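Single-structure report; data block below.
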Amino acid sequence: INTYNQDLNQMNGLVGLVAYVPSGGELFSVEGGNYKLMESAIRQATKIYDTSACPKLPVQRIQQHQKRITTVVSGENSMEIFSADESLGNFDIVILAAPLQQSRIQFLMESPMSMDPSVLHPMALNGIHENPDLEDNHEKSSSQLLNNEHGQLAFASPLPPSATTPYTSVVTTVVSNATLNVTHFGLSEKEQWPRSILVSERGKLTEGITTLTILDFEKGLMKTFSSEVLTTEKRNILFGSHHALEYVQVWGGGEKEEGGKYGGATPNFDGGRNSESLPFLLYDGAKHWGKGNAGSTGPALYYVNSIESAVAAIEISAVGAKSTAKLVARRLGLVNPASGAILHEEL
């Protein structure tokens, strides 16, 4: 059976378990799309702040700006965000709420060892490790060792495949006035149409789709997921010649296609081999600048989608957002763990 537009041998066990949760119990969806969750969160946060006892500022404390973020530069005390050449301001904490490999954001940092702050280096998003020159150059002086390409004794650790592998390509097709070709799917004319049809790995090769869902029986409204755009001939076979094509959305694709390298609908789980997750705290300026442990003064970059490489769903995004919010609140000193309690980091 295909789910997440991937074969079972391409997924890990947790993904398979989550994929079959909708098979029982009550199901819910967000009318208008999942993006409404963010709009609702901003409205509720603004309302809570406006009705709280917090000191009111002359400017709106919670603001929403639609900008294409291109670069984040971390200094010793803050992170500066850019939209092309336009600076959007300096911030103590930045939260990335999108897959790292799809964000198209360049993360840079100043070096504590550099005399010129205009010389920037890639941000160490997966921690740092010691300069490998130290192992093979014991006879060199410390000044020579400092003179490497980064100008410091530490190098950024490489990102795991889960943070670099492109997401899988998925094509969503919606048609109306469709008549399900029951004989094509091995059903009888008198048999009631199923709500959903899941396709096996072999069926995916022959049918060209991975899932077919009937959204409205009376209107003949149906939706399919596939790896390629369905041809008119294929749609006629599945839905009859009188169907109307309502919507086609290509998520990802080949690198030559627009957005192909950065697009995609779900992570490429690769049978669990791409499940190594990044931490929620992607970059801790306090540690990088030698100011102490996490939670000390210094800029920080948090990552909501940290656990998406292991399993993906809107509920998982909500868990990641809640975990990130708690970690940020703790860093800012807004919440404290109960005295005497053993700390257990969420997830």
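Read the figures in this text as sums done on the coordinates, not as results from a lab. None of the values given here were measured: they were computed from a predicted structure. Cβ atoms come from the backbone with ideal geometry, glycine included; neighbour counts cover every protein chain shown.
Some points to look at:
- For Glu233 and Gln102, the FRET efficiency from 1/(1 + (r/R0)^6), where r spans their Cβ atoms and R0 equals 35 Å, is about 0.60.
- Among the listed pairs Lys36/Lys326; Lys67/Lys223; Lys190/Lys223; Lys291/Lys326; Lys67/Lys291, a Cα-Cα separation exceeding 25 Å is found for Lys67/Lys223; Lys67/Lys291.
- Pairwise FRET efficiency - Asp85 versus Tyr20, Cβ, R0 = 56 Å, nearest 0.05: 0.70
- Among 98-106, 243-251, the peptide with the highest mean count of other Cβ atoms within 10 Å heads the list, and the full ranking is 98-106, 243-251.
- Cut-off under 5 Å, modelled amide H: who pairs with Met109 long-range: Ser74, His121, Met123
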